[in-house]
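These notes are about the structure you will find just below.
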Amino acid sequence: MGKKLFILLAMGALALCGYPAIAAGGDSGQKITRSGDLATVNGPDSYFTGEVRVTQLYPANNKMRSSGGKVTFQPGARSNWHTHPVGQVLLVTEGVGRTGEWGKPVQEIRAGDVIVCPAGVKHWHGAAPDSAMTHISICEETEPGKVVEWLEKVSDDQYNQQ
Ligand code: MN
């Protein structure tokens, strides 16, 4: 993989589910990306607290505006506060986690749960204190690669607020 492409992949993955507008197979047929070829990167300290791994699953392209990513949070890890310009769907695939919305009590989320977050709602998501959590994140773009607006860190008090 070329260095430039890898950087673009990593940038997209770091946006939780964003991706620069690189063609993803065009209109000629299905594109199958083998699991071993998916790029996984560490979630950076500037956007996350704790140990987080982000895998880009598929990019948006010129015809399809959604992109998908898989994020695994180790116990206690979580995203910063953030918003999504179009919204976000979270499909919890493993473990137990937490999600918070500004001004509301923290909610527990578990494998099999589906969370739909409207555009512009300030929120965070992450693992429970004693369990890892993995979710698939699906977002749509308003402009190429733009699926999240990052805000401040989630404090321990906010993470533990019930
Ligand atoms: Mn989100």
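The values are calculated or read from the model by the stated rules, or taken from the named source; none is laboratory data. Just so it is clear, the structure is predicted and the values come from calculations on it, not from any experiment. Please note: Cβ atoms are built from the backbone with ideal geometry, for glycine as well, and neighbour counts cover all protein chains shown. Protein only, heavy atoms only, side chains kept; ligands, DNA and RNA dropped before computing areas. Shrake-Rupley method; radii C 1.70, N 1.55, O 1.52, S 1.80 Å.
Overview of values
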| quantity | calculated |
| --- | --- |
| Residue-span extension gain [LYS122 to THR33] - 0.36 nm each, minus C-alpha spacing | 28.8 nm |
| Karplus (6.51, -1.76, 1.60) ³J(HN,Hα), θ = phi - 60°, over region 109-124, in Hz, Gly and Pro reported as x | 10, 9, 3, x, 6, 10, 10, 10, 10, x, 4, x, 7, 6, 7, 8 |
| Overall form of region 77-162 per C-alpha gyration tensor (a/c, 1.5; a/b vs b/c) | oblate |
| Whole-number accessible area per residue in Å² for region 36-162, which is evaluated in the context of all protein chains at 1.4 Å | 48 Å² |
| Rounded, prolate or oblate (a/c below 1.5 giving rounded, otherwise prolate when a/b exceeds b/c) for region 31-86 by Cα gyration tensor | oblate |
| Residues in region 60-89 reached by a label modelled at GLU149 [backbone nitrogen below 19 Å; 7 Å Cα→Cβ] | 79-89 |
